[in-house]
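Heads up, the thing below is written out as structure tokens.
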Ligand code: BT5
């Protein structure tokens, strides 16, 4: 399926190089002749690329006989914006941005099959077929949110793959705290809530053999500037966005950068120290410890109190009979009153 529309500003494009030069000299005017010399192109070509940047929304002033000055930068999800000042070791070293894709997860999966290195990050402004779990849809309007997928290649057993789901949701909770100063709560296995409203969903997909992981795709959708009227009325649970919660818009590229840094840091911790620190933080940040939940699977329902998660990512639920059951999959609903506690 060929859904994606042109990648935005790959790093070696002249437009990206011009932006890098402006960034290197904030607020200064750079002459067309100098830009042409540095980029090895004519002044007419420089003018053409500056024009292309203006079309993208960059405010660039042309000062007669002096040169060009960057006045303002739009909130675009392009590699140059996301990677400006990005400090990472693995995740986000290669960022590929699209205006529109069917699903960043699908695209990242294909890139990983073709050998994309660990940390490759696919970002899209909008998705036409954003994926949720179990064939569900992730609503992905343009210009407001962040939709991204990251390729990881950890040397772990397939049974440990869900540990990376917990890692990514903890990293996202940290990012929301860092960028917006808000506390979010994790709902097992892959939702992030603010005041019981869903602000983000994660969909991690795995390619594995019997005893080794080929690669994992961490798929993250987070509502940043979505407005109340952009949410469809038939969502499974109430939803929100960061802008709704903070009352002001969030800069998407800065958020993406912070997320990549948190993911990278936590992944480094995971590789060095294993899963325990992540499990501990997941429990601290989860909405669920001690809460009564109903878990639904086809032909099966369990109501009980959450006692934690185990090393394989199973939710531990203590039913009315006192036994603790390991829940490996299913939909979990928080029960308002806690009749079993
Ligand atoms: C999820 O599924 O929450 C995982 C969503 C993962 C989306 C990301 S975006 C980047 C990457 N590329 C992809 O193609 N996917 C990943 P699930 O738990 O099944 O929840 C899906 C349900 O959430 C839907 O059935 C709706 O009820 C609701 N929903 C859909 N879009 C939403 C949105 N933008 N905000 C809040 N809730 C939404």
Given an 8 Å cut-off on Cα distances and at least 6 residues of separation, report the relative contact order of segment 110-221 as a percent. 27 percent
Given a cut-off of under 8 Å on Cα pairs at least six residues apart, what relative contact order in percent is computed for segment 36-134? 21 percent
Based on the Kirkwood radius over alpha-carbon pairs, what value in µm²/s does the Stokes-Einstein equation return for the translational diffusion coefficient of segment 115-162 at 25 °C and 0.890 mPa s? 191 µm²/s
Mean-square fluctuation check for the chain, GNM, Cα pairs under 10 Å: which of 120, 44, 104 is largest? 44
To the nearest Å, what is the center-to-center distance of segment 61-90 and segment 139-155, using C-alpha atoms only? 22 Å
Hydrodynamic radius (Kirkwood) for segment 262-341, which is based on Cα pairs only, to one decimal in Å: 13.6 Å
Cα centroid of segment 252-278 to Cα centroid of segment 164-198, whole Å: 13 Å
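May I ask for the Rg/Rh ratio of segment 11-75, computed from Cα atoms with Rh as the Kirkwood radius, given to two decimals? Working shown, then result.
Working: Rg = 10.5 Å, Rh = 11.6 Å.
Radius of gyration relative to Kirkwood radius: 0.91.
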Rounded to a whole number of µm²/s, how large is the Stokes-Einstein D of the chain at 37 °C and 0.692 mPa s, given Rh as the Kirkwood radius over C-alpha pairs? 152 µm²/s
Helix 252-273 versus the longest principal axis of the chain: what angle, 0 to 90°, nearest 10, using Cα atoms? 50 degrees
Looking at the chain only, what percent of DSSP beta bridges run antiparallel? Nearest 5 please. 85 percent
Sorted largest first, the Cα spans of segment 83-196 on the principal axes come out in Å as 41, 37, 34
Degrees between helix 43-56 axis and first principal axis of the chain (Cα, 0 to 90, nearest 10): 30 degrees
What do you get when you divide the Cα radius of gyration of segment 141-294 by 2.2 N^0.38 Å, with N the number of residues? 1.04
Per principal axis, largest first, the Cα atoms of segment 1-147 extend in Å by 60, 29, 26
For helix 162-180, report the angle its Cα long axis makes with the longest principal axis of the Cα atoms of the chain; keep it between 0 and 90° and round to the nearest 10°. 60 degrees
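Read the figures in this text as sums done on the coordinates, not as results from a lab. For clarity, every value in this text was computed on a predicted model and none was experimentally measured.
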